[in-house]
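Below is one structure, written out as structure tokens, with a few remarks after it.
Just so you know, all these numbers are worked out from the coordinates, no wet-lab data involved. What you are looking at is a predicted structure, and each value in this text was computed from that prediction instead of being measured. FYI the Cβ positions are ideal-geometry reconstructions off the backbone, even for glycines, and counts take in every protein chain you see.
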Amino acid sequence: MSTFNWGIIGSGWIAGEMAATLNQVHGEIYAITSQPSEALDEFVAKHQIKHLYTNLEEMLKDDALDIVYVATPHHLHAEMIEASLKAGKHVLCEKAITINSRQLEYLLEIAREKNLILMEAMTVFHMPIFKKLSEKVNNGLLGEIKLLQINFGSHKEYDVKNRFFNPNLAGGALLDIGGYATSVARLFLKSQPELLMTTVNYFETGVDEESATILKNKEGQMAAITLTMQAKQPKRALIAGEKGYLEIYDYPRGNKAYFTETLTGQTVEIEAGEQEKALAYEVYDFEGFIQNADLDGAIGLTLDVMKILDKIREEWGFVYPFEVK
């Protein structure tokens with residue numbers, strides 16, 4: 001059993017995945033709050049959740065609760081994180097952790113003041129394959145990295161009322177899938193990009209449907225990111241250096257990469273971790289950061305990524321209807 005009591009906000013599909021993961025890792029879940037419904041009652045029974053609260057405020061009053069996992073639409077994340085931190089709870093939040101970097105910086109101040117851990121549930125930073133690749137790259141596997149090409153494309157069912165296409169719910173490809181691609185780019189770039197060029201096409205509701213972005217840092221390394229919500233693409237990350245290149249497919253929950261050496265053309269498979277344990281790796285890392293009181297380790301490159309996403313939207317001139325400039 002866990003030494004930490006987890007509480008979940010939300011009961012959608014990703015909350016269900018995390019609940020199943022917590023069941024596997026710890027055997028039970030302490031609490032949940034979500035909109036009352038028959039489906040919620042079934043969710044509670046299925047995942048062996050001990051306490052059902054009618055609202056977040058009531059759940060946060062429970063002194064036995066240690067961790068809050070936020071699994072709501074993006075536009076609600078900041079206020080729920082703030083309430084949870086102020087109540088003295090550690091927070092793991094689904095991506096995008098906030099709408100913009102200003103919100104995240106404010107929340108990090110609260111976390112530091114209260115000695116709490118705040119982390120985004122971004123699989124890229126917790127999958128063993130990326131930890132292994134980062135080590136190999138740092139040890140010179142690719143030589144100097146020159147260019148990254150990162151694709152992420154899905155074909156969402158056409159439904160203008162769906163949150164993916166709703167500007168009032170912070171819809172659009174950038175916050176829904178762009179964080180994954182940008183996280184991979186930032187992980188392998190030596191420094192934060194200084195130059196950014198981007199273009200966008202909008203969906204009929206006004207959110208970004210597809211975009212292409214080029215990043216360049218002071219070392220001259222470049223990354224090209226393409227995102228689509230109405231055109232399927234392979235989830236492929238290519239990291240090219242002087243000595244060869246790495247390819248990772250299905251990288252959000254990847255467990256394999258392929259290294260092709262420049263001189264010989266030989267390709268070698270590199271493997272680490274299991275796709276099915278993607279959320280478990282997040283749980284293990286998050287609880288480790290709590291035990292080590294390591295907020296900086298937990299937030300990692302997430303603030304850098306949010307600043308890049310901010311800059312992309314700034315270049316587009318795109319602001320969500322509810323967002324304060």
_Paired Rg and Dmax values of segment 221-272, which use every Cα atom, in angstrom_ = 12.6, 39
_Under the 0.36 nm per residue contour assumption, what length would be gained going from the current alpha-carbon distance of Tyr106 and Glu38 to full extension?_
20.8 nm
*Would you mind working out the magnitude of the charge dipole of segment 6-121 relative to its Cα centre, with +1 at each Lys and Arg C-beta and -1 at each Asp and Glu C-beta, to the nearest 20 Debye?*
220 debye
*Estimated distance in nm for a label pair at Leu238 and Tyr158, the labels positioned 7 Å out from Cα along Cα-to-Cβ*: 3.2 nm
*Burial ordering of Trp316, Trp6, Trp13, fewest other beta-carbon atoms within 10 Å first*: Trp13, Trp316, Trp6
_Relative contact order (%) - segment 1-140, alpha-carbon pairs under 8 angstrom, separation at least six_ = 20 percent
*Sort His26, His126 so that the residue with the fewest other Cβ atoms within 10 Å of its own Cβ comes first and the one with the most comes last.*
His26, His126
*asked:* Using Cβ counts within 10 Å as a stand-in for footprinting exposure, how do Ser134, Ser84 rank, fewest first?
replied: Ser134, Ser84
*Take every DSSP beta bridge with both residues inside the chain and express the antiparallel ones as a percent of the total, to the nearest 5.*
60 percent
*Just name one of Phe259, Trp316, Gln275: the one whose Cα is farthest towards the positive end of the charge dipole of the chain (beta-carbon charges, Lys/Arg +1, Asp/Glu -1).*
Phe259
*When the Kirkwood radius is taken over all Cα pairs of segment 79-140, what Stokes-Einstein diffusion coefficient follows at 20 °C and 1.002 mPa s, in µm²/s?*
165 µm²/s
*Per q in 0.23 1/Å, what log10 I(q)/I(0) does a Debye calculation on the alpha-carbon atoms of segment 190-308 return?*
-1.28
_Loop chymotrypsin sites (Phe, Trp or Tyr not before Pro), segment 103-204 (other Cβ atoms within 10 Å of the site Cβ: 10 or fewer; DSSP)_ = Tyr158
*asked:* Over the Cα atoms of segment 1-57, each weighted equally, I'd like the Debye log10 I(q)/I(0) at q = 0.29 Å⁻¹, rounded to two decimals.
replied: -1.31
*Pull out the extension gain between Lys50 and Ile270, defined as 0.36 nm times the separation in residues minus the alpha carbon to alpha carbon distance; nm, one decimal.*
75.1 nm
*Only Lys, Arg (+1) and Asp, Glu (-1) charged, at Cβ; the chain dipole about Cα centre in debye*: 700 debye
*For Glu314 and Lys61 in one chain, what is 0.36 nm times their gap in residues minus the Cα-Cα distance, to one decimal in nm?*
87.2 nm
*Cα-projected label distance for Glu194 with Ala212, points at 7 Å along beta-carbon direction, nm*: 2.5 nm
*Per DSSP H run of at least 4 residues, take -39500 (n - 2.57); add these up for the chain, divide by its residues and hand me the 222 nm value, nearest 500 deg cm²/dmol.*
-10000 deg cm²/dmol
*Evaluate Rg over Rh across the chain, taking Cα atoms for both radii and Kirkwood's formula for Rh.*
0.97
*Measure of compaction for segment 1-97 (Cα Rg per 2.2 N^0.38 Å)*: 0.96
*How long, wide and thick is segment 46-123, going by the Cα atoms along their three principal axes, in whole angstroms, largest first?*
35, 26, 21
*asked:* Given the options Ala121, Leu246, Ile110, identify the residue whose Cα lies farthest towards the positive end of the charge dipole of the chain (+1 on Cβ of Lys, Arg; -1 on Cβ of Asp, Glu).
replied: Leu246
*Percentage relative contact order, the chain, counting C-alpha pairs under 8 Å, at least six apart*: 17 percent
